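Visitor: Could you have a look at this structure, given as structure tokens, before my questions?
The values are calculated or read from the model by the stated rules, or taken from the named source; none is laboratory data. Remember, it's a predicted structure, so these values are computed and weren't measured experimentally. Counting neighbours? That spans all protein chains shown, and the Cβs are built from the backbone with ideal geometry, glycine included. The area values use the complete protein model at the heavy-atom level, side chains included, leaving out ligands, DNA and RNA. Shrake-Rupley method; radii C 1.70, N 1.55, O 1.52, S 1.80 Å.
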Amino acid sequence: MNFIVVGCGRVGAELCYHLFKQGHQIVVVDINKESFNRLHPDFRGRTLEGEGLAEGVLERAGIHEAHGLAAVTNSDMLNAVVAHAARTVYNVPNVVARNYDPNLRPIIEAFGLQTVGSTSWGAQRVEELLMYPTQRMVYSAGNGEVEIYEVQITDEWNGRTLGELLTPLDDCYPVALSRAGKAFLPQTETNLQRGDLLNFSSTFEGMRALMARLSKKVEA
């Protein structure tokens, strides 16, 4: 597949190499030719010096044949405009824009673009690891608004039902329960056993509520 990466900072350079290693054709665009020094020595894609919005740059990058474009410069507004142009003017089917400043994220989302907010997502992950080291996030959707977590059922909840532990009011929903190495879809009335691994989808607030419930000693 043909991909264009606009911005050859640390993220852009790493993205280019990952895509290249998978056998894709990559063109990386950056206004500063020195930025291409960040590319892995084994990278064999094309480099194109120029501003992503400058006349003819995206055409020279092969945007008419591109299957996807990632705008990952250090400017949120440039990322938004380049990605918007790629999708609406050139009809690129898969477009992603990187977001640095969380305050500007609503502007990018107003374009209807897929965004990756490294600042917001990274801060949330650090908070999770600091506050809840015993739980494990296994999948993150969007920019971390909804995630799938894995927790181990404690002694206090042995024999209790899943419905007692998870409640939709906390924005927690079961995904799977693993017991003795075998996973199944649990029901509200499923009895939990010590050592079960529970996967559930939740917001960060819901995960905090569940972790607080797991840490409490339930009454018999």
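Visitor: Which residue pairs have Cβ atoms closer than 6 Å, lie 6 or more positions apart in sequence or on different chains, and pair a first residue in region 38-64 that is farther than 19 Å from A80 by Cβ with a second residue that is of a type in the set (G, A, S) and part of a helix (DSSP H, G or I)?
Guide: From residues that are farther than 19 Å from A80 by Cβ, the pairs are R38/A13; L39/A13.
Visitor: Could I ask something else about it? Which of the helices (runs of 4 or more DSSP H) found entirely inside region 1-98 contain at least 2 residues meeting this: open to solvent by less than 50 Å² (accessible area, probe 1.4 Å) and not β-branched (V, I, T)?
Guide: Helices (runs of 4 or more DSSP H) meeting the threshold: 10-21, 76-88.
Results for (1) modelled with pLDDT of 85 or more; (2) crowded, with 18+ Cβ neighbours inside 10 Å; (3) part of a strand (DSSP E or B), shown as yes or no for each residue.
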| residue | (1), (2), (3) |
| --- | --- |
| Q124 | no, yes, no |
| L130 | no, no, no |
| T134 | no, no, no |
| Y139 | no, no, yes |
| G144 | no, yes, no |
| G159 | yes, no, no |
| P174 | yes, yes, yes |
| A183 | yes, no, yes |
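Visitor: Let me ask another. Considering only region 161-170, state which residues are open to solvent by less than 40 Å² (accessible area, probe 1.4 Å) and either outside any loop (DSSP other than H, G, I, E, B) or of a type in the set (S, T, Y) (or both).
Guide: T161, L162, G163, L165, T167, D170
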